[in-house]
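Notes follow once the structure below has been shown.
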C-alpha cells in the first residue's frame, strides 16, 4: 500500500500518469521496462480491461503464479523472496523488497550514481508504510463489521440506514461497539424466527407472537385499536423487541439521521421505540426498560391506532401527550383522595417548596 501511496501521490488513482515521465497506474509502470508488456498480455490472456483490480491482480500473479510469464520475466528468485517476506517479513523489509525486486524505480537503478536520491525515496516509502500500518491497526481495533446478508433480521428503519453505507466484500464496517450490539440483535432475531418456525401457533398473522400483548394500559380508544388491529381481520403488527434499551437500533443515525452522521460516526440512543406505518412494524425497547410496558409500548400502539387519521407526526404526539397528561392528573387526584388531611398539608408544603426552588 505504501508503494502505491508513493507512486500515485496518495490519490490511489489507477489511471495516474507520472508528473515528469511515462509511468502509469498504481505502480507507475514504465514502458521502458517489461512490466507494461507483461501487463498488456495479462489483460488479453484474462479477457479483461485496465482497472484498479486488474493492476492489483497482475501484481499478485507476477509473484504467486509460478506458471505466469510475468513471474518469469520479473525473475523467479525475486518472486520467491517476495512470497517469503509477505508471510514472515516486517513492514520495512516488505516495502524495501517490493521497491527493489518488483518496481525498481529509476533512482534505484541509478543508485550507484546518486545513492542519496534512492535513499530519500526508500525512506519516504518506509515512512508511509509504517503510518499506514499504524492506521490500519487502529482501524482494526476501533471498528468491526456485520454481514450485509444479515441486515434483513433488523427493523426497517435500521435496514434503510445501513443500506446507505458502503459495503466491502459483503461486510458493513461500523464502530466496534455498535457492530457488536447489532450482531447480538441479529442473533436474537434469528433465534426468535427459528422458534416461531417450530411453533405451530406462531404461524400466520393470527399466530402466537410472544411479543404481542393485547392488554391495554391507557384505556384510550387509539391504543385499543392499535393493539386489537387496524383492519377488519385484526391483523397484528410485526413486532421487533430489542435486547438492550441502549441498542444502536434507537440511534438517530438510523431513525432519520438529523445530524447527518456518517458510517463511522458514533451516536447515542435518541428514542425508546418507533412505529413504522409503511411496514406496520413496531420497534420496542427491551423489557429491562421499566417504562416500556407503561409508557413506550402504549405510546407506539397509539401511533398505530392513529394511522388512518392522516395526522402529522407532531399532531399525533400532541394527542398522545394529552392522553398521558390526563392519566397523570387523574392518578394524582386519586392519590389526593386517599390522603389524610395531615398528608395533604405535608404534600402541599413540599410542592410549594419545589415551586419556590424553580422560581429562584
*From the set of residues in the range 303-315 that are assigned to a helix (DSSP H, G or I) and within 31 Å of the chain's Cα centre (by Cα), which is farthest from residue 250 (Cα to Cα)?*
307
*Hey, among 258, 298, which residue is modelled with pLDDT of 90 or more and on the phi < 0 side of the Ramachandran plot?*
298
*For the range 268-285, state whether one or more residues are modelled with pLDDT under 90, surrounded by 12 or more Cβ atoms within 10 Å (Cβ to Cβ), in contact with a strand residue (DSSP E or B) (Cβ under 7 Å, 6 or more places away or on another chain) and not in a strand (DSSP E or B).*
yes
*So is residue 297 closer than 30 Å to residue 146 by Cα and assigned to a helix (DSSP H, G or I) or not?*
yes
*Given the range 1-98, what helices (runs of 4 or more DSSP H) lie entirely inside it while holding 2 or more residues that are touching a residue at least 24 places away in the same chain (Cβ under 8 Å)?*
2-7, 35-45, 52-64, 69-74, 91-98
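The values are calculated or read from the model by the stated rules, or taken from the named source; none is laboratory data. Since we're looking at a predicted model, the values are computed, not measured. Because the Cβ atoms are built from the backbone with ideal geometry, glycine has one as well, and the counts that use them run over all protein chains shown.
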